[in-house]
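See below for the structure under consideration.
Read the figures in this text as sums done on the coordinates, not as results from a lab. All of these numbers come straight from a predicted model, not from anything done at the bench. FYI the Cβ positions are ideal-geometry reconstructions off the backbone, even for glycines, and counts take in every protein chain you see.
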Amino acid sequence: MATAAPKTNWFAIWISAGVVVALVAVVAVVALLNNSATSVTPVEAPAAGQINEETGAISFGDGPDTVATYVDFMCPYCGQFEETEGETIAGLIEDGSITLEVHPVSILDRASQGTEYSSRSASAMYAVAEADPDNAYAFFVALYDKQPAEGTPGLTDEELVQLAKDAGVDVTADLEKSILDHEFIDFAKQQTLPEGANGTPTLMVNDQLVPVTFDPETDILANLTSR
């Protein structure tokens, strides 16, 4: 007698196929979640223009020589640098000799009683440079004219807004909100000193580190190629 062929268990096959499909879906979902968890949220940077989004530099002037300064708006030595060399730098911008690249850095947040003044003021500087580039240098100078002492809370956000207005900046509602909301504070916190530097102010002339002596003739004028 011939043996009957075994019946195909289609129910078991469909159940197995369904399990495989479900496992593939679970793996895909897990991979998607892992990719989302490890992705980096982009830091909002000021719009292009006089601000270099890659280096964080705010440029003033268009002269052939480049003077780059790395400054913290709470640093007393940066205030001394502005007091002793700022007038020379402003004149060199005005007569077309240099391009000034200001790099706000935030290394003294610890020295403002928890208010993060270095980062807040740097964020305000970026906000002004984006919104009103024509008056951004005046605001930069004003930040040192009204520089708070190291170890104090620094200026409030509202005082930074008023400082911008007093410096002639066109403080629109959007700009005021940008300053009060610290729009660019994460971008400011990412900025670092160049290789070989160990504090602020750091000065570079035509991409060369120059020791700061607080004498503009020695620090800047002697290192220009166009004079």
### Query
What shape does the range 121-166 take by its C-alpha gyration tensor, where a ≥ b ≥ c are the square roots of the eigenvalues and a/c under 1.5 counts as rounded, a/b above b/c as prolate, and the rest as oblate?
prolate
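Hand me the trypsin sites (Lys or Arg not before Pro) from the range 92-176 located in a DSSP loop with no more than 10 other Cβ atoms within 10 Å, in residue order please.
Filter output for the range 92-176: empty list.
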### Query
What full-extension length gain, to one decimal in nm, is calculated for residue 198 and residue 166 as 0.36 nm per residue of separation minus the Cα-Cα distance?
8.2 nm
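Taking a temperature of 37 °C and a viscosity of 0.692 mPa s, what whole-number D in µm²/s does Stokes-Einstein yield for the range 82-174 with Rh from Kirkwood over alpha carbon pairs?
Taking Rh from Cα pairs, D becomes 235 µm²/s.
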### Query
Rounded to the nearest 0.05, what FRET efficiency do residue 145 and residue 113 have when you use their Cβ-Cβ distance and R0 = 25 Å?
0.70
### Query
Where in the range 73-105 does the label zone of residue 213 land, with the point 7 angstrom along Cα→C-beta and an amide N cut-off under 19 Å?
78, 80-89
### Query
Label-point separation (nm) for residue 152 and residue 55, each offset 7 Å from Cα along Cα-to-Cβ?
3.3 nm
